[in-house]
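Here's the structure, in structure tokens; my notes come after.
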Number of protein chains: 2
Amino acid sequence: MAAGGRQNRKPAQNTHAADGKSIQYGPLEHWIGFNLRMAQAASFQAFSRRSKDIGLRPGRFATLTLIGQNPGISQTALSRANGRDKSTLTPLIADLVRQRLVRRVREVNDRRSYGLTLTPAGEKMLAQLTECARQHEEELDGIVGRRERAQFLAALKKLADALA
Amino acid sequence: MAAGGRQNRKPAQNTHAADGKSIQYGPLEHWIGFNLRMAQAASFQAFSRRSKDIGLRPGRFATLTLIGQNPGISQTALSRANGRDKSTLTPLIADLVRQRLVRRVREVNDRRSYGLTLTPAGEKMLAQLTECARQHEEELDGIVGRRERAQFLAALKKLADALA
DNA sequence: TATTGTTATACTCTATAACTATA
DNA sequence: TATAGTTATAGAGTATAACAATA
């Protein structure tokens, strides 16, 4: 992992202040928005810990999956699928290509664009990360409760969808 | 809002690729971790849109709330409550002080630390942001469904707690 | 020695705008 | 003119390490 970093500690909902009084969260405590942020950060950190030996940042995982699932996808289509500007993809893809995980091929029909595919090494890396994610998901399932899982997932999807 | 920015578009779960084929998300689609990220990003963006006229970045909101709820809190205690390093608080607090929203007072008992409190302008700003957040929460409640709300919130808290 | 807060530095992620090469 | 991708530039957010003042 690079020098700077990603090792956030736990977001501590109820740490005691230095003076011994417990911290008051006020309305934050009861808000979906705030707790969504806390849960997301905690999940991301847990996944980072789990995947840190693989040698690819967790942020690359979604990109690799999307290329794997959509072979030949263009950078613009990929950036749309991610909800990011296309310019943010240039260095990211360059990095994946440099690591020989992704191949870029000029489209014959439209020579402005590139088709992206995984190399065998990319497939292998994706498989490793996917296994990691599967284990991570099992952990999350255990926390949320397998019976509540479907409803929880549905709520998350409704939020992402409706707030578009 | 500053130049760089925060205006992410919607994370588009099912945008069509340029070539007309729909994007495949593969296993991402069914994973809590991924959907947590999407929902959090969407919620954050929606709150940003709602609060952008107030003149304080949404990231300052939690800080302001924590100071308001814990008058006299030290920077170190605040950074722990936030789950961030204390060094990240220095420029943030400096900014809030410069805007006359927060007051810093040397502790008499321990002259290494400062006690943080809101100024009247800070209280007013916090009240505006809180009202904004209340409306935002109503929107989220409407999406999640008022009956499912408690269970959803409980699941988020369990995640943040358990992954500490 | 230990802790509070600051400074210096660096890295990630993201954006906008202007550019090129194609279409 | 319009689109795909690149480059230049910028800003927010975060971290670590070394430091000064104080305990």
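Every number in this text was worked out from the coordinates using simple rules, so none of it is lab data. Everything numeric in this text was worked out from a predicted model, so none of it was measured. We place every Cβ from the backbone using ideal geometry, glycine too, and count neighbours over all the protein chains shown.
Descriptive notes on the structure:
- Per-residue average of Cβ from other chains inside 10 Å of B:143-154: 5
- Paired Rg and Dmax values of region A:45-96, which use every Cα atom, in angstrom: 11.7, 32
- Net charge of Cβ neighbours under 14 Å - reference residue B:118; Lys, Arg +1; Asp, Glu -1: +4
- Of A:86/B:158; A:124/A:158; B:86/B:124; A:86/B:124; A:158/B:86, those spanning more than 29 Å from alpha-carbon to alpha-carbon: A:86/B:158; A:124/A:158; A:86/B:124; A:158/B:86
- C-alpha long axis of helix A:89-98 to longest principal axis of chain A, angle in °: 70 degrees
- Across q = 0.13, 0.16, 0.17 Å⁻¹, chain A modelled as identical point scatterers on its alpha-carbon atoms has Debye log10 I(q)/I(0) values of -0.81, -1.11, -1.20, in the order of the q list.
- Taking the charge dipole of region B:40-84 about its Cα centre, with +1 at Lys and Arg Cβ atoms and -1 at Asp and Glu Cβ atoms, the residue from B:66, B:81, B:43 reaching farthest to the positive side is B:43.
- For residue B:73, the amide hydrogen comes within under 5 Å of the amide hydrogens of B:116, counting only partners 5 or more places away or on other chains and with H modelled in the peptide plane.
- Neighbouring partner chain Cβ atoms per residue of B:41-48, average, 10 Å criterion: 5
- Note on A:70-76: average number of Cβ atoms from other chains within 10 Å of each residue's Cβ is 3.
- Sorted from shortest to longest, the distances between the residue A:87 label points of this copy and the other copies are 2.9 nm, with each point 7 Å from Cα along the line through the beta carbon.
- FRET efficiency for residue A:109 and residue A:76, using Cβ-Cβ distance with R0 set to 22 Å, rounded to 0.05: 0.90
- Per-q log10 I(q)/I(0), the protein assembly as shown, q = 0.12 Å⁻¹ (Debye; single scatterer per alpha-carbon; no solvent): -0.92
- Partner aspartates and glutamates whose Cα lies under 13 Å from the Cα of residue A:157, excluding those fewer than 8 positions away in the same chain, are identified as B:29.
- Per-residue 3J(HN,Hα) values for region A:55-62, derived from phi via the Karplus relation 6.51 cos²θ - 1.76 cosθ + 1.60 with θ = phi - 60°, read x, 9, 4, x, x, 6, 4, 4 Hz in sequence order (x marks Gly and Pro).
- Under the Debye formula (equal points on every Cα, no solvent term), log10 I(q)/I(0) of region A:61-149 at q = 0.20 Å⁻¹: -0.91
- Residues in region B:136-153 carry Karplus couplings, in order, of 4, 4, 4, 4, 4, 4, x, 6, 5, x, 5, 6, 7, 3, 4, 5, 4, 4 Hz; the curve used is 6.51 cos²θ - 1.76 cosθ + 1.60 with θ = phi - 60°, and Gly or Pro positions show x.
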